[in-house]
1. What whole number of Å gives the distance from the Cα centroid of region 329-399 to the Cα centroid of region 174-192?
2. On the protein heavy atoms, probe 1.4 angstrom, tell me the percent of accessible surface of the chain carried by carbon and sulfur.
3. If each residue of separation counts as 0.36 nm, what is the full-extension length gain between residue 572 and residue 714 once their alpha-carbon separation is subtracted?
4. So if I place +1 on the C-beta of Lys and Arg and -1 on the C-beta of Asp and Glu, and nothing else carries charge, what would the dipole magnitude of the chain be about its Cα centre? I want it in debye, nearest 20.
5. Find which of 102, 134, 165 sits farthest along the positive direction of the dipole of region 70-200, computed with +1 on the beta-carbon of Lys and Arg, -1 on that of Asp and Glu, about the Cα centre.
6. Taking 0.36 nm per intervening residue step and subtracting the Cα-Cα distance, what contour gain separates residue 110 from residue 658 on full extension?
7. State, to one decimal in nm, how far the label point of residue 609 lies from the label point of residue 696, with both points 7 Å from Cα in the Cβ direction.
8. Straight-line reach from residue 232: which aspartates and glutamates have Cα under 15 Å away, leaving out those fewer than 8 places along the same chain?
Amino acid sequence: MAVVSWKEILLLTGLVVGCYWNSLSCGFVFDDVSAILDNKDLRPSTPLLKSLSKHFSERSHKSYRPLTVFTFRLNYLFSELSAASYHLFNVVLHGIVCVLFLRVCRLFLDKTSSLVAALLFAVHPIHTEAVTGVVGRAELLSSIFLLAAFLAYTKSTGADHSIVWSPIALTVVLVAAATLCKEQGITVVGICCVYEVFVAQGFTFPMLLDTLRQVLQGKDGFPYAVLQTLLKLIVLVISTLLLVIIRVQVIQSQLPVFTRFDNPAAVSPTPTRQLTFNYLLPVNAWLLLNPSELCCDWTMGTIPLVESLLDLRNLATLTFYSFLGFLAYHSLRYKHSSAKTVVMALSFIVLPFIPASNLFFPVGFVVAERVLYVPSMGFCVLVAHGFKFVSHKGHMKKMSWLMIGILLTTHAVKTFNRNWDWESEYTLFTSALKVNKNNAKLWNNVGHALENQNNYARALRYFLQATRVQPDDIGAHMNVGRTYKNLNKSKEAEDAYLVAKSLMPQIIPGKKYATRVAPNHLNVYINLANLIRANESRLEEADQLYRQAISMRPDFKQAYISRGELLLKMNKLTEARDAYLRALELDRTNADLWYNLAIVNIEMKDPSEALKNFNHALELNPRHKLALFNSALLMQESGEPKFWPEANRRFLTYVEEEPEDANGYFNLGMLAMDANENAAAERWMRKAISLQAGFRSALFNLALLFSQSKREVDALPVLDELLRHHPEHIKGLILKGDILMNHKKDTRGAKTCFERILRMDPTNVQGKHNLCVVYFEERDLPRAEQCLEETLALAPNEEYVRRHLSIVRSKMAAMSAAGQPLTSAEGATAAAEEEEPKRSLDSSQSDKQTKGKSTKEIKDIEKKRAAALKRLEEIERILSGD
């Protein structure tokens, strides 16, 4: 048995790279979306053991493939969601499979023929779905372990025909690994059994029958070689049964739920079901023979049902079985090497395909090109074996080499071009529509691709065509409804949802529908309820729809979640809490549910319980953005300093997740203000303002921070920016007026601020009172008295206003008794200028008046002003945020 040379490895590797290098430009499409983009189990935040204990993806029909998921996690660890790295990994795996396949072919074919088989396998276009589609990695990994297990088993017979147990043990381990990559990996056990009986032991079918007849007649016991064979096979079969039992436990003894749209023949009556499923065998064989028209989705109406024995397609079925029977008959009847090659080729074709054949149990598809990855190995062996016979005939040698060269070239070109179809979902599904226009799912998927581009008008045309191709397709009508909603056509959207709802099974009290209603179809109730609950008068109707969905599938988690949101909107807090608690009984690992429950707790004025539930959400998802933000906000608003460090840590984590959200930085600033960390507070507030120009709360609190830190001069430009964006900001005007009056001694500017407040809100007590103080500062006591009287009328219970009015009146009485004017010249001048802006005193007279005042008089005036301010008290400062 020749080994594989480095030249052959380089040849195969170069050919694989040449055919598939353009797949690195492709994105995540079709099933990749649920398995990669939407799969949270790939993230490092999900514990490894937890991710390996789950199903492959939400759409995988309870497929358990932990080793495949593990490789996806490795990809995510190194490149996150960079599609090129995932595709590169697949290309490398395909290259490894090709080399291992060449090694297997050397067991049955000569050096040249085995290389031809491996080259054909490397370039066959049927493999594009397995190699270029990222989720096809399950096929690639399973094939590697399957071939390795088979190669290990071939070494289980010693030179003296004794049993060598270490290769058998290794085979069992590799079979388990193949099965943990994809379920079909377990079929290698059958291939090993065929190899053991018909190749290693050299039996033919007539010899087996003869041996069995002699044993049954009591003429002779089992030969020693047969006993050895039986012992090895028993070990393999027991191992297989253990793997099957474990697999059944994983899916909890339940088969996955399929609909008639996934596999129409599966729900068809006899004989339609049997005729159709048997016809699918020649369809798959034809794809191997002539992979010119490939399609990513063969469900729904792609292949019409074979409903009669008179259907001409039954001839294809008969031809396929006749040819297969002919090959099996001749390969099992004779002992020569050619027969052994054919029997092994047939075992690689038939056994790995059985789980996907629909013959023994239904699967979630009609035809799937990726499941032909392993069966194509047997096909390639048959082609190479035929090439060997033809090429050994002198007059056909050149022709056979020419034909195999043309075949490899055309297949390589087809594979390369087919890769471009997988570039995006739009290109993939439009290419499929060129092959088959009778599949409503394809029309729907093109619509989805356009919908993801926000091209709703074009998407609607494809969705409507899907309803015409398959009028009873619930999903298509749901898509139409959703698109009408996106186009703001609520009436048309509701009509489409009602059509979809009418296609659902009628609700019968006490009847369970879980086994025949696809979970995604139940979303019609959710979507319709979500649409009509925008109308406040139809909330009860929406609630009834949620209850209908729950009655049809009591484990429908999304229905409880949506109903909880509705009940929260209806202020039915206890019922909302109960809905979320019921959803949590179904899925306690859902961080969003714990978050929603915490929001209900906040509405029920139970902050301690809310914080507990926020913490549950963060235990499950430490980077849950909404839980981080709202729990930190709850801690901050509690006013308890013991919570501040943890609140600060959560806000910091939040801004790592949302670095462009100004609210996170603002709340970090507020926490720093509470902790008197002024430098940090200023830094966070400025960061928030830089991200959101005119951020109202951040600007005001930054100004307030400066004011409290005796940096009033720095506060003024911040207040100016605040008032430029929000000229109606009353607290900002009050703070600015306070600074202008008490620190800049700019009574005119302060007066302007307070008058602006009163123009916006004549009943604003604080603005009115502060204006009164300005009048007092201007020594216009009568006006101050009148102003305070008006303020007291607005707020008769405010004691400080009454006290200040009493002080002003006492001052006025004292000045009258002393014969002093109640309005100073300065105040009169200010009043005159205010009333007649164009009128002013003579400049020389003004200079004289100023010069006429002694230094002592000026000091006395300042002392009196300070005393007056002390008696009136300082203007109240704004100590809280907006």
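The values are calculated or read from the model by the stated rules, or taken from the named source; none is laboratory data. Remember, predicted model here, so these are calculated numbers, not experimental data. Cβ placement follows ideal geometry from the backbone for every residue including glycine, while neighbour counts extend to all protein chains displayed. When the accessible area is computed, the model is the full protein with side chains, heavy atoms only, and any ligands, DNA or RNA have been set aside. Shrake-Rupley method; radii C 1.70, N 1.55, O 1.52, S 1.80 Å.
1. Each part's Cα centre sits 19 Å from the other's.
2. Values: 24820 of 42140 Å².
Answer for the chain: carbon and sulfur cover 59 percent of the accessible area.
3. Between residue 572 and residue 714, full extension yields an extra 46.2 nm.
4. 2360 debye
5. Of the listed residues, the answer is 102.
6. Values: separation 548, 0.36 × 548 = 197.28 nm, distance 6.17 nm.
Taking 0.36 nm per residue and subtracting the Cα distance, the gain is 191.1 nm.
7. About 3.3 nm separates the two model spin labels.
8. List returned: 196.
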